[in-house]
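Novice: There's a structure below that I have some questions on.
Nothing in this text is a laboratory measurement; each read-out follows from the coordinates by a stated rule. The model shown is predicted, which means the values in this text are computed figures rather than measured ones. Ideal geometry is used to build each Cβ from the backbone, glycine not excepted, and the neighbour counts take in all protein chains shown.
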Amino acid sequence: MTIATNVQKLIFPFLIAALLTSCGESEAPAPELSFAESFQAQLIEAQPGDIIEVPAGIHEFTRSLSLNVSGVTIRGAGMNDSILSFKNQVQGAEGLLVSADDFVIEDIAIEDTVGDALKINESTNVTIRRVRTEWTRGANTENGAYGIYPVQSRNILIEGSVAIGASDAGIYVGQSSQIIVRNSRAEYNVAGIEIENSTYADVYDNVATNNTGGILVFDLPNLPVQGGQATRVFNNQIFENNHENFAPEGNIVGNVPPGTGLLILANDNIEVFENEFADNDNAHVMIYSYTLGGRTILDPEYDPFPEQIYIHDNEFNGGGTAPAHRFLVPWHEATGKNIPNIVWGGLIKEGGSVENLICIGDSGEDSFLNLNGGASPGDATTDTSAHQCSLPRLSKISFDFPGDD
């Protein structure tokens, strides 16, 4: 046998294998990614201008999602149709964390996150439209703190959205400026809608019901951004916010009395008008200093006193029948009367004046209670004479935002 014959015998099996491969007997294709895997990949690989579609269905995730590319839109098929579920989440502090400008998210739900549902951090031009955040087991201390949660951001539009079950605030905007929250619903949260340490906000045409407190406008110490002011709260329905407070121990909103419609804490230049308040059992409107009740302040830059608060042309029905604030309970028991529609804590800056501090319109028709800073019923007064005044109307908030129809 020649050398050539041996070589042919060695090569022949490889030729057969090559022919079989060319006839279709190739390696098995890689398995197709699940939507959860492909969605994560799209967020990582996103480019400015991308639209990431989320189809109808329940899409389960076990770890947080994040986006840090500007100019991206996340769009679902509807807030009750495209659902990002985190009920089995084992990793991460949020559902979706976004740190990107010119961001739009719409027509989608985020459910049952371990921590916050949708957090937007240090972003400019943010549109959150028809987004639902919810903890489906209902009000529970172990629910995440915030539903819709932009912080340290600017030019924020939240509209047509729903927030349910947050153990702090359903819709929360903090340390931000130029804010619109409209046509949304907050229910079964500790705080329904909260504007905190922020400036220039319009909160209107919303429904806040079944929360511990319907709408909160706060300014708190020891935060990088302080001096909250210039918020308008108008044309909202704020009713039956009587849910027990289920905030975790130590949380500042754990001090919100059940039955509170609107609570203004240490904020300035606030206008509240043309809202419908009904059946908030503690009080429809409360305004007070951070120091009411003896709370101490260690932050030298912090101003704890609310000033230039203008409340006018609202409708009040029922309410004040079962006060829960520790200064209102003794007054209610001593007088046998329901809590007036507007309650002020009565504390002012040292050397300050009550003039134009809290104004309820020139007629003084709305019932009013000044606690004069004391827990004793005898310290309080219902005299409105010092508060029959008007203040300059605040300006409308207006800015261009991505995804505007």
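Novice: How much mean residue ellipticity at 222 nm does the chain get from its helices, if each DSSP H run of length 4 or more adds -39500 (n - 2.57) and you divide by all residues, to the nearest 500 deg cm²/dmol?
Specialist: -3000 deg cm²/dmol
Novice: Could you check which residue among ASP281, ASP116, ASP81 shows the biggest mean-square fluctuation in a GNM of the chain with a 10 Å Cα cutoff?
Specialist: ASP81
Novice: Another one. Which order, highest average first, do 161-169, 95-103 follow once you tally other Cβ atoms within 10 Å for each residue and take the mean per peptide?
Specialist: Ranking the peptides 161-169, 95-103 by packing returns 161-169, 95-103.
Novice: Based on the alpha-carbon gyration tensor of the range 60-109 and its eigenvalue square roots a ≥ b ≥ c, which shape applies: rounded if a/c is under 1.5, prolate if not and a/b is larger than b/c, or oblate?
Specialist: Oblate is the answer for the range 60-109, as a/c is 1.5 or above yet b/c matches or exceeds a/b.
Novice: Most exposed first by the Cβ proxy, i.e. fewest other Cβ within 10 Å, how do MET286, MET79 rank?
Specialist: MET79, MET286
Novice: Okay, next question. Run through the range 251-328 and list the GluC sites (Glu not before Pro) located in a DSSP loop whose Cβ has at most 10 other Cβ atoms within 10 Å.
Specialist: Passing sites in the range 251-328 are GLU301.
Novice: With an 8 Å cut-off on Cα pairs and a minimum separation of 6 or more residues, tell me the relative contact order of the range 265-336 in percent.
Specialist: Result for the range 265-336 is 48 percent.
Novice: Under the rule a/c < 1.5 gives rounded, and otherwise a/b versus b/c splits prolate from oblate, where does the range 267-398 land using the Cα gyration tensor?
Specialist: oblate
Novice: Test of the criteria: in the range 45-146, which trypsin sites (Lys or Arg not before Pro) are in a DSSP loop and have at most 10 other Cβ atoms within 10 angstrom of their Cβ?
Specialist: Answer by residue number: there is no such site.
Novice: Which percent of Cα-Cα pairs in the range 115-387 sits in each 10 Å bin, short to long?
Specialist: Pair shares across the bins are 8, 33, 39, 18, 3, 0.
Novice: Report the label-to-label distance for THR296 and LYS337 in nanometres (one decimal), using points 7 Å from each Cα along the Cα→Cβ vector.
Specialist: Between THR296 and LYS337, the simple spin-label model gives 3.7 nm.
Novice: Tell me which GluC sites (Glu not before Pro) from the range 103-157 have a DSSP coil assignment and no more than 11 other beta carbons within 10 Å of their own.
Specialist: GLU142
Novice: At a threshold of 8 angstrom on Cα-Cα distance, excluding pairs fewer than six apart, so keeping six or more, what relative contact order does the range 115-387 reach in percent?
Specialist: With pairs under 8 Å counted, the relative contact order is 12 percent.
Novice: For GLU307, which sequence-distant residues (separation of 5 or more, or a different chain) have an amide H within less than 5 Å of its own amide H, given hydrogens modelled in the peptide plane?
Specialist: Under 5 Å from the amide H of GLU307: ASN267, ASP268, ASN269.
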